[in-house]
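Since every read-out is calculated from the coordinates, none of them should be taken as a lab result. Only a predicted model underlies this, so the values are computations on that prediction, with no experimental measurement involved. Heads up, the Cβs are rebuilt from the backbone with ideal geometry, glycines too, and the neighbour counts pull from every protein chain shown.
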Amino acid sequence: GAVVSQHPSRVICKSGTSVKIECRSLDFQATTMFWYRQFPKQSLMLMATSNEGSKATYEQGVEKDKFLINHASLTLSTLTVTSAHPEDSSFYICSARDYTSGGSGELFFGEGSRLTVL
Amino acid sequence: EDKVVQSPLSLVVHEGDTVTLNCSYEVTNFRSLLWYKQEKKAPTFLFMLTSSGIEKKSGRLSSILDKKELFSILNITATQTGDSAIYLCAVVAGYGGSQGNLIFGKGTKLSVKP
């Protein structure tokens, strides 16, 4: 089945630095990818929709200058947390939909990236 | 405002028990409802439901959708410790072309004790 790969799976950084997380669709092209954030014991919160070749669509309350999203190709979207602070520590998950499977349910998730900001 | 509500938020059972997880929704332009299982990392897909009254089954798991009453249930029979996880319900809604908007519930944390 379709696979979405996310990297790194875990990252620890100092406050004030920037961190980039990559999301790749390995065997299908994804014109749209989604970025989620998950706090401990909470559900997934959609942060933004990443559109290949155009600007990302951010959900209300998500700072676009803080969470930079780039979707430069049909198989790669990146999320950069700029000037990270401890409150940005969280589990970030990407997902992508495989058009070839049809329907709206086949949404494949990456493995997730746990960010810890010291 | 679109919303998806899951209940209970947490559940503790013993191996062999049968559990029913609930998901109700209020959304504009419902398109489909999905169930996911999340253990340590990203969610894994279980079921997609689009039509009322048609039960989907996979081993000990089954799910059904009621579009009139706006809810779905996920049943797990003869539970095992490996079923311990957070079960997420999500609804695809809206008018976003073929993509739609995925709205997650808060999840039900299931703990199965030996």
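Counts of other chain beta carbons within 10 angstrom of each beta carbon in peptide A:17-30 average 0.
Result for chain A in a Gaussian network model with C-alpha springs under 10 Å: among A:C13, A:C94, A:C23, the largest mean-square fluctuation is at A:C13. Of the chymotrypsin sites (Phe, Trp or Tyr not before Pro) in the range B:13-114, the ones in a loop by DSSP (not H, G, I, E or B) with at most 10 other beta carbons within 10 Å are B:Y95.
Listed cross-link partners A:K20/B:K109; B:K37/B:K106; A:K64/B:K109; B:K40/B:K113 are compared with a 24 Å cut-off, the Cα-Cα value being larger for A:K20/B:K109; A:K64/B:K109.
Using a 4.7 Å Cβ-Cβ cutoff, the cysteines of the protein assembly as shown lacking any partner cysteine are A:C13.
The Kirkwood hydrodynamic radius of the protein assembly as shown, based on inverse pair distances between different Cα atoms, is 18.3 Å.
Counts of other chain beta carbons within 10 angstrom of each beta carbon in peptide B:43-51 average 3.
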